[in-house]
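For reference, the structure is listed below as structure tokens.
The values are calculated or read from the model by the stated rules, or taken from the named source; none is laboratory data. The structure presented is a predicted model; accordingly, all values stated were derived computationally and were not measured. Glycine gets a Cβ as well: all are built from the backbone with ideal geometry, and neighbour counts include every protein chain shown.
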């Protein structure tokens, strides 16, 4: 089971996962469902391992939680 972690304390908000493909699936779903376009590409997370990406547009935490649940 994939696990996506969100860090709301950062600006921009960061999302973390063990594999880049998980974050790509998340972003594909967010683009399809809410039109999200402003995001980074997944990159290696040198501090915590796995991969990290950033969301550069405002997003409702409830919407993000719903899409994460669907992707996981």
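Here are the numbers for this structure:
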read-out: Filter result for residue 30 (in contact with a helix residue (DSSP H, G or I) (Cβ under 8 Å, 6 or more places away or on another chain), surrounded by 12 or more Cβ atoms within 10 Å (Cβ to Cβ), modelled with pLDDT of 95 or more and assigned to a helix (DSSP H, G or I)); value: yes
read-out: Tally of residues being part of a strand (DSSP E or B) and farther than 12 Å from residue 15 by Cβ across segment 38-72; value: 1
